[in-house]
C-alpha cells in the first residue's frame with residue numbers, strides 16, 4: 001500500500017461523472033492505496049523545516065454523490081507520502097507557479113511529485129508547442145498587432161487565442177474578410193502588453209479537436225475527438241463540444257510516439273496532446289482530462305493505465 005497525496009481543487013467541486021482526478025483516486029483506492037487530499041493553499045514551508053501540508057485523509061464511498069468521507073485531518077511532511085499527484089486545474093497563474101516551487105522544494109527533501117514541478121513550469125501548455133514546431137500548424141506568438149495582421153494577410157483564415165486560456169476561453173476565428181480583426185487583437189493583446197498565439201485555421205476541426213493521452217511515455221489506444229457543435233468553432237467540451245471517443249489513427253500515433261518518450265523523460269507522467277487532423281495544437285500538462293469519456297465509450301481502462309505507470313515510476317529510484 002502506498003500513501004498518495006492529491007493536490008487539487010476542493011473535492012466538493014468535483015463533477016464525479018466526468019472528473020479525471022476522481023477516476024484516478026477511485027483506481028488508486030481499488031488497488032489498496034491510501035488517499036489524502038489538499039489544495040495548493042495548504043502547502044507551506046518555513047526555515048529549518050520541510051514542506052508540509054494540512055491534508056484530509058479521505059476514503060471514497062463508491063457513490064457519485066457524497067463520494068468521499070474525511071477520516072481525519074493532519075499536518076504532514078510532503079516527503080512522507082510515496083507519491084504526490086499535482087492535479088490543480090488551470091489557469092497557470094502566480095499561485096500555481098508558487099505551488100510548483102513549494103513542490104520542488106519537497107522534491108529536494110525526498111518527495112516524488114507527478115507531473116514534476118519543474119516540468120510543469122518548463123512546458124506552458126501553448127508555448128511548449130514551439131519545441132515541436134515541425135508537428136504544428138502555421139503558428140505565430142507575438143504582442144504585435146502588425147505581425148498578427150501580416151499573418152492574417154498570408155493565411156487568410158486564422159485562429160487567435162490567449163496564452164493563458166483554458167476550456168476554449170477567448171478563442172476567436174477570423175476568416176478572409178478580416179471582420180473584427182482589429183477589435184479581437186485589442187481584446188487579446190491588451191494594447192500590445194500581452195502575447196497572443198495565432199494559428200492557421202485547420203478545416204479538419206470539423207472532425208474534432210482530438211485529445212491524445214500520453215501516459216508514462218506510451219500512447220493510449222483511443223482518443224477523444226471534441227467536435228464543435230452548430231456554428232461554434234471551438235471543440236472544447238467546456239464550450240459545448242461533443243466528445244466522441246475513437247481509435248488512435250496511425251498518423252496520429254506516429255506523431256504522439258515521437259513526443260511521448262521525450263516528455264516522459266522530463267518527468268511528465270501524463271500529457272494531454274491536442275491534435276487537429278495531424279497537427280499538434282497544444283501540449284497540456286497541468287491537469288489533463290478525458291479519462292472517463294474515453295473509458296465510458298470504449299471500455300478501455302485509462303485510469304488503470306495511469307496507475308500502472310505511476311506504480312512503475314515509484315519502483316524506479318528518483
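Look at the range 283-297: where a residue is not assigned by TED's automatic domain parsing to the domain that holds residue 243, no partner that is modelled with pLDDT of 95 or more sits 6+ places away or on another chain with Cβ atoms under 7 Å.
Looking at 194, 175, just one residue is in contact with a strand residue (DSSP E or B) (Cβ under 9 Å, 6 or more places away or on another chain), farther than 24 Å from residue 229 by Cβ and surrounded by fewer than 16 Cβ atoms within 10 Å (Cβ to Cβ), and that residue is 194.
Of all residues in the range 98-116, those that are in contact with a helix residue (DSSP H, G or I) (Cβ under 7 Å, 6 or more places away or on another chain), within 17 Å of residue 9 (Cα to Cα) and assigned to a helix (DSSP H, G or I) total 3. Applying the set (1) surrounded by 15 or more Cβ atoms within 10 Å (Cβ to Cβ); (2) more than 17 Å from residue 289 (Cα to Cα) to residue 215 leaves exactly one unmet item: (2).
Entry remark, the range 208-223: residues being in a loop (DSSP other than H, G, I, E, B), within 14 Å of residue 298 (Cβ to Cβ) and out of contact with any helix residue (DSSP H, G or I) (no Cβ under 8 Å at 6 or more places or on another chain) number 1 in total. Within the range 34-47, can one find any residue that is exposed (fewer than 12 other Cβ atoms within 10 Å of the Cβ), within 28 Å of residue 294 (Cα to Cα) and free of Cβ contacts under 8 Å to residues at least 24 places away in the same chain? Looking through the range 34-47, none of the residues is exposed (fewer than 12 other Cβ atoms within 10 Å of the Cβ), within 28 Å of residue 294 (Cα to Cα) and free of Cβ contacts under 8 Å to residues at least 24 places away in the same chain. Listed conditions (1) buried (at least 20 other Cβ atoms within 10 Å of the Cβ); (2) assigned to a loop (DSSP other than H, G, I, E, B) are all met by residue 232, apart from (1).
Residues 89, 74: which one is farther than 19 Å from residue 289 by Cα and in contact (Cβ under 8 Å) with a residue 12 or more places away in the chain?
Numbers: 89 fails: farther than 19 Å from residue 289 by Cα.
Going through 89, 74 in turn, the sole match is 74.
Selection of the range 120-138 for residues being part of a helix (DSSP H, G or I) and surrounded by fewer than 22 Cβ atoms within 10 Å (Cβ to Cβ) yields 121, 122, 127, 128, 130, 131, 132, 133, 134, 135. The set of residues in the range 1-32 being under 17 Å from the mean Cα position of the chain (by Cα), over 17 Å from residue 81 (Cβ atoms) and in contact (Cβ under 8 Å) with a residue 24 or more places away in the chain consists of 9, 14, 18, 19, 20, 22, 23.
The values are calculated or read from the model by the stated rules, or taken from the named source; none is laboratory data. The model shown is predicted, which means the values in this text are computed figures rather than measured ones. Positions of Cβ are generated from backbone atoms using ideal geometry, with glycine treated the same way; all protein chains shown enter the neighbour counts.
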